[in-house]
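Quick notes on the structure that follows.
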Amino acid sequence: MVAADVERPVVAGGCRLAPEQGHEARLVHSAHQVAVAQFREVHLVARGDEDSRAMEPGAGVESGAGNGLRDRPHPQQRAAPPRVARPGDRVAKTQVASGRHVVIVHMRLSDSSRSGGTRSRWPSRGRKAACPRPGGSPGKACVDGVARYTAGEAEAARAAGCSWSSVRRPSGGAWWPICPAAETRSIEMAQIPCGQGSWVSWLSSCGLAVALLAWSGRPQGAFGGAPEVKSVKLGEKLVIHGQVYYVENITDGKLVLSPPRPPTASMGAFIQPVEATAQDSQAGAGRTPRKMIDGSGWGETFPGSGVYAHCANVYAAGGSMWNGKWDSWLLFDLGREYNVNGIYVWNYNEGGGWNTRGVREVEVSTSSDNEKFTRLGVFKLEKAPARDDYEGQAVPFERPVRARYFRWQIKSNYRGGEMSGIAEVRFSNADEKAVVATPGDWKPRYERPQHPKLTLGEALEGAENCVFPADSGIVDVTKPPYNAKGDGATDDTAALQKALDDYPAKGAILYLPNGIYLVSDTLRWGGTPDQQKQTVLWGQSQRGAVLKLRDDCPGFENPRQTRAVIYTGKAPAQRFGNELHNLTVDTGTGNPGATGVQFIANNQGGMYDVTIVSGDGQGFAGLDLGYTDEQGPCLIKRLTVRGFDLGVRCATSVASETLEHITVEHQNVAGFRNEGQPCTVRGLKSTNEVPAFVAAGGFNVLVDCEFKGTGKASGAPALIEDATVVIRNLKTSGYAAAIHRLRGDKVDVKGPNVDEFYTKPPVSLFEPTGKPLRLPVKETPELPWDKLDDWVAPQQFGAVTDDKGDDTAAIQAALDAGKPTVYLPRGHYQVSDTIVLRGKVRRLIGCKATLDIAGDLRKQAKPVVRFEDGDEPVVAIEEINTDFSSGPYWCIEHAANRTLVLRCLGINFQGAHAYHGAGAGTVFIEDVVGRWFQFKGQTAWARQFNVEGDGTHILNDGGTLWVLGYKTEGGGTLLDTRHGGKSEVLGGFTYTVGRVDDSPMILTADARSSVSFAEVCFSDRPFSLIAREVREGQTREMRKDDPRWGRVFTLLAAGKE
């Protein structure tokens, strides 16, 4: 890794590390960033030498097996010693002459307890000591490896054999002798090929020793042959000055090496309990007892290290630690009897001072039958450091015990009460030694994806061709001032990020014409964290518009520190209107730390017609919806994910996700994993050797899914049930079982097909218990994308956005112009009277435009948009927002006998109805937010239906309503079905906040309904009346303390069949 020269550049992660003019960098040490003093020049010399000599390329380095590096002994037999930085030092910029390479080496000082006594002195074999002063008097002791000397003192120190360096600072010169290196735990290395006049950053940090080694470049062709680029991988073995190191991390252009260390399982091999229970837990926050045994937030520091660390993020994996009442008992079931000689414990490790919840003393008892327990003793656990590199504690027993069950009774914690917690637990097998697996070369299980080779903006034959008029307000990233090339060779990161930065929270559609856009860093939604909303990325076609991460890209190497290609923001739940449309994200090859998309949207937003693929199968997740809290509601539709450890990941407890027509293939751990969300999925197709779906938490509703197992899947389950699950029409093949049950009776469901399955039994208020309605499901109609000649805008009739002028007449003129597509360029439009949708229009698309209610309309009980009969059988209203006004008006009135599609609408009225349906025509609703929807005699299908406010949210008066994913909040009745209506809700969720009256949550009056529904309430005011049914003059109710409720219905069936 150190062997580098102009002809044979060495790279980290496969990419050259180019110098940056004026670059300033910071390192992290002990979880804190520290500032590092500006130096004008730095010259380092070898120990005992007066000259600053060049170092041969590759001096003192030999390779691990097969890495192609060779040892070239230094003429002086030792490398320059490290200069040790002082606390508070800042970045130094060092100018390097043409034709040289620089290697920056960072040595982390360790303590023997952490390194297991391993001593690795690099590059000298000396020990930290005081350097002599003139006249033989004792020198200044080294503080953090550095002692200050006057020039005369330095001369004497050098004569006595101390290393030194000449440092000219802006304020004047000084001589600093270098103390020999102490024990090292790891070494960080980075190399930068430098040209004439270029600058490199000298990185230093408190407690880190830094050596800057420079050497003269060899004559061109000295090595012969073509230039060679060498990549290193996590876990790869390197030998430096005879000392073995392993690649621990590659981040920010730095290579972190670690010497061999004793494995965590020092007493015996890990025994992973099969079950963990507790007297008490914060299950609503995802901190269940199983979090102590499921490996969430826990793993090897690097592949093959044998050293296991736990992170400090309690929210990782939907909750990575258990906590509960401070004096709770815990029970671990090992699955069978073992001879156990100790426990491996990672105490509660949450940051912010919450690590004091860690257990201090625990009494351990053992049993073989879970009835008779024998006291083993009281053990003291160490307090966790609240750092991501926490390596836990081995707690040995005086002698091995044979047992299956281990009961812990917490005696005290470091908080002195309140709550206790544990991060992870393993037991030690006295009869089996730990074996550290050596990581092998990654072998892809499928051919690398090939993308269409198109000229920029060329239509892809047989694919959708989403193009917008030039005056629509979209932002074409290939036009000035951004000028993205999309040629698959030019790095477009800066151009794309500039476009995102220029349009935060502006309702802009950033448009990607067909092409391959090469990126080398995360594309982040622009603006401040509060502005990361109302941003849309829209490609010309799903297969033709490709965002591709560079192969072996720095920053994407470490799966424990995953980074996304697209990042759309984080909690709180204000990420309104974020969308991705019609594009592909390719994470390239050699990027095991990559995630395709980290996506968040709230109220309205989603992903439509998107493919996420790993070039070689590596990576953390294709789509990560669980990286932040307060996720959703959002709609993910027609998504394909190929490769990665996880195809789709969900986590945290609010505020629901709806997914439809999802394909996951060739994952390494699971096709789809939910760790806490109310998650509704229809049409999930999985082809995998691993489980297709893992319900690790939350509320899971699966409808019309197909799970095909291949290869090793014959020994695995298709679905793992460790949370509330509702299944309808599941087809499996190639798996050992359809459902592996960790809840209820824990008896697996063999399948292969499952017609219906409920973790909890269905409920009815009248006997006998009813059955689900199973209403017929229709797909939302997809309309053709018209040619631009068939588009018309109200601007052609005098509309001007954002000027406060009345735009009603211009919009109506555009609707009556005889064109099939009417578009509203981005901006605000003033509407003072009802707009009528009629004639030849089949699509009204807003380009994220906003309708502001103005004039007399604000005081009138009439619709903003009235849908009447016309020429087209199906009409869609899409991508429009409203203002936040209140009044007697309502947004949309359906008065036609034809079909209406409402898609991607933010009906934001705070005191006005969203929809009145009075016609005979059907309606399809996708990804719509609004208040108060009324269906009178209509047939409606809804997906990701977010109805908020107080009062009756949805009224189905004699109609037929099918909902996939219904999210709501506020008080009042959430679903009112009456007069013979039929309502079916698959995956309902109420986030109960604000005013809650005594109205029933679900009301069914002489009608039929079947509802799968859950509630999350973080206050003391949940719904008190859960359900009311009126049947033939009789009324029955269910209140919140009814044990059949428990904040979730797998099925509430109402009405007479």
**OP:** Answer yes if at least one residue in the stretch 254-276 is at pLDDT below 75, assigned to a loop (DSSP other than H, G, I, E, B) and farther than 29 Å from Gly319 by Cα, and no otherwise.
**Re:** no
Subject >> Residue identified as in contact with a helix residue (DSSP H, G or I) (Cβ under 8 Å, 6 or more places away or on another chain), in a loop (DSSP other than H, G, I, E, B) and at pLDDT below 95 among Arg415, Arg445 >> reply: Arg415
Subject >> Positions within the stretch 311-334 being under 25 Å from the mean Cα position of the chain (by Cα) and assigned to a loop (DSSP other than H, G, I, E, B), in sequence order >> reply: Cys311, Ala312, Asn313, Val314, Tyr315, Gly319, Ser320, Met321
**OP:** For the stretch 539-565, enumerate the residues that are surrounded by fewer than 24 Cβ atoms within 10 Å (Cβ to Cβ) and closer than 29 Å to Glu464 by Cα.
**Re:** Gln542, Arg543, Lys548, Arg550, Asp551
**OP:** Scan the stretch 548-580 for residues that are part of a strand (DSSP E or B) and not basic (Lys, Arg) and jot them down.
**Re:** Leu549, Ala564, Val565, Ile566, Tyr567, Phe576, Glu579, Leu580
**OP:** Evaluate the following for Gly818: is it on the phi > 0 side of the Ramachandran plot and in contact with a helix residue (DSSP H, G or I) (Cβ under 9 Å, 6 or more places away or on another chain)?
**Re:** no
Original post:
Residue check, Thr562 against (1) at pLDDT below 95; (2) over 27 Å from Ser296 (Cβ atoms), all met but one. Which one?
Top reply: (2)
Subject >> Filter result (assigned to a strand (DSSP E or B) and more than 27 Å from the chain's Cα centre (by Cα)) within the stretch 694-734 >> reply: Arg728, Asn729, Leu730, Lys731, Thr732, Ser733
**OP:** Could you grab me the full set of residues in the stretch 420-460 that are more than 20 Å from Asp487 (Cβ to Cβ) and more than 31 Å from the chain's Cα centre (by Cα)?
**Re:** Ser428, Asn429, Ala430, Asp431, Glu432, Lys433, Ala434, Val435
Subject >> Matching residues, the stretch 523-559, being closer than 27 Å to Gly297 by Cα and of a type in the set (A, V, I, L, M) >> reply: Leu523, Leu549
Original post:
Got a number for residues in the stretch 767-798 being closer than 30 Å to Pro825 by Cα, of a type in the set (A, V, I, L, M, F, W, C) and under 35 Å from the mean Cα position of the chain (by Cα)?
Top reply: 2
Original post:
Is there a residue being within 35 Å of the chain's Cα centre (by Cα) and surrounded by fewer than 23 Cβ atoms within 10 Å (Cβ to Cβ) anywhere in the stretch 913-924?
Top reply: yes
**OP:** Would you tally the residues in the stretch 643-662 being within 19 Å of the chain's Cα centre (by Cα) and part of a strand (DSSP E or B)?
**Re:** 9
Original post:
When you look at Glu337, is it among the charged types (D, E, K, R) and assigned to a strand (DSSP E or B), yes or no?
Top reply: yes
Original post:
Taking the condition surrounded by fewer than 16 Cβ atoms within 10 Å (Cβ to Cβ), farther than 30 Å from Tyr511 by Cα and among the basic types (Lys, Arg), does Arg402 pass?
Top reply: yes
Original post:
Of the residues Leu500, Leu496, Leu510, which single one is in a helix (DSSP H, G or I) and under 14 Å from Leu580 (Cα atoms)?
Top reply: Leu500
Original post:
Just to be sure, is Asp530 in a helix (DSSP H, G or I), surrounded by fewer than 21 Cβ atoms within 10 Å (Cβ to Cβ) and over 16 Å from the mean Cα position of the chain (by Cα)?
Top reply: yes
Subject >> Candidates Ser281, Ser296, filtered to the one that is surrounded by 17 or more Cβ atoms within 10 Å (Cβ to Cβ), at pLDDT below 90, within 24 Å of Asn370 (Cα to Cα) and polar (S, T, N, Q) >> reply: Ser281
Original post:
Which of the residues belonging to the stretch 628-660 are under 20 Å from Phe693 (Cα atoms), surrounded by fewer than 24 Cβ atoms within 10 Å (Cβ to Cβ) and among the hydroxyl-bearing types (Ser, Thr, Tyr)?
Top reply: Thr640
Subject >> Asn881 at pLDDT below 95, in the same structural domain as Ala849 (by TED's automatic domain parsing) and under 36 Å from the mean Cα position of the chain (by Cα) >> reply: no
**OP:** Please tell me if Phe757 is closer than 28 Å to Lys1040 by Cβ and either assigned to a strand (DSSP E or B) or at pLDDT 95 or above (or both).
**Re:** yes
Original post:
From Val425, Val467, which residue is hydrophobic (A, V, I, L, M, F, W, C) and assigned to a loop (DSSP other than H, G, I, E, B)?
Top reply: Val467
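The values are calculated or read from the model by the stated rules, or taken from the named source; none is laboratory data. Note that the coordinates shown come from a computational prediction; the quantities given were computed from them, not determined experimentally. Quick reminder, even Gly has a Cβ in these numbers, built from the backbone with ideal geometry, and neighbours come from all protein chains shown.
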